[in-house]
Amino acid sequence: MSEIADLSNWEDDTNALHQRQIIEKAIAKTSSRYRRGFGGIRESMPHLGATCAALEQWCAEFEPKGDCGLYLHGATGTGKTGLAQAVKLALCERNYVVDSWNSAKLMDTIRDSYNPNSEHNRQEIMRFASGDDYRGAAHLFILDDLGTERSSEHDLDVLYLILNLRYDEMRPVLVTSNHSLKSLLAAHVDDLAWQRLISRLAEMCEEIGVPAAARPDQRLTARRRRGKEAEDAHRVTVPTDEF
Ligand SMILES: Nc1ncnc2c1ncn2[C@@H]1O[C@H](COP(=O)(O)OP(=O)(O)OP(=O)(O)O)[C@@H](O)[C@H]1O
Ligand SMILES: [Mg+2]
């Protein structure tokens, strides 16, 4: 047996290693609140069982090409960010590169790029937007909270550039929003830039409404549960105010 290692695939191996490092970084960057993925959601929001099952199935069948994106919409505190992060973790498990941004943070980063002292200089952002580095070419691009950011015309142009690149190349996106596509369109009826963006999302994504529990905002439910526990433990004598 030869003692010389087979290096014929060294380039592929290096790429695979680099990709794995990117994926590990994405997993490590997941906020503590959302780290428990679908398991955590099922525990804290049992009414989302069917939604979790549908998204797990979507992850299992995921192909990084085609109009197979998702647009999750629902009221505040229904679990959209949790679901998006659970999808990210499930796809990372399957060795896919997922680039996840909060929409307002992305806008901030874009704005920050105008500052010459910024760590994200303009060139870097444009490289990102044009898909010349791994982020633009990520297997899935997650944009959380679309429609809540305060965006200038130029911010919107860059957002359009990023999403249009994915549209042209048929690379999937997962978008979350408090607004359905229809209501987002209605809110921007006089704005051609928004209309062009929404039109593309409509073709790229399947729209899924995230159902609310009997008491819609899960954060308020958690607050009530904590208040009740404190009362039971006689730590508070005055009950927590109900919203
Ligand atoms: N993976 C998870 N494990 C356990 N609990 C979770 C998980 N993801 C979300 N939650 C809980 O679900 C509730 C809703 O959180 P989430 O941030 O996902 O809502 P949202 O729909 O994104 O709200 P908003 O529209 O305000 O951004 C919170 O109480 C949160 O702590
Ligand atoms: Mg959210």
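Each value in this text was obtained by applying a stated rule to the coordinates, not by laboratory testing. Keep in mind that this is a model prediction, so the values were computed, not measured. We place every Cβ from the backbone using ideal geometry, glycine too, and count neighbours over all the protein chains shown.
Tabulated results
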read-out: Long-range HN-HN contacts of L70 with modeled amide H, under 5 Å; value: V173, L174, V175, E206
read-out: Pairwise label distance in nanometres, S183 with H154, each label 7 Å out on the Cα-Cβ vector; value: 3.2 nm
read-out: HN-Hα J in Hz across the stretch 194-203 - Karplus 6.51, -1.76, 1.60, θ = phi - 60°, x for Gly and Pro; value: 5, 4, 5, 5, 5, 4, 5, 4, 4, 7
read-out: Overall form of the stretch 17-232 per C-alpha gyration tensor (a/c, 1.5; a/b vs b/c); value: prolate
read-out: Sequence ranges 67-79, 16-28, ranked by mean other-Cβ count within 10 angstrom, highest first; value: 67-79, 16-28
read-out: Of K182/K228; K65/K182; K65/K105; K80/K182; K25/K65, those spanning more than 28 Å from alpha-carbon to alpha-carbon; value: K182/K228
read-out: Net charge of neighbours whose Cβ lies under 15 Å from the Cβ of E24, counting Lys and Arg as +1 and Asp and Glu as -1; value: +4
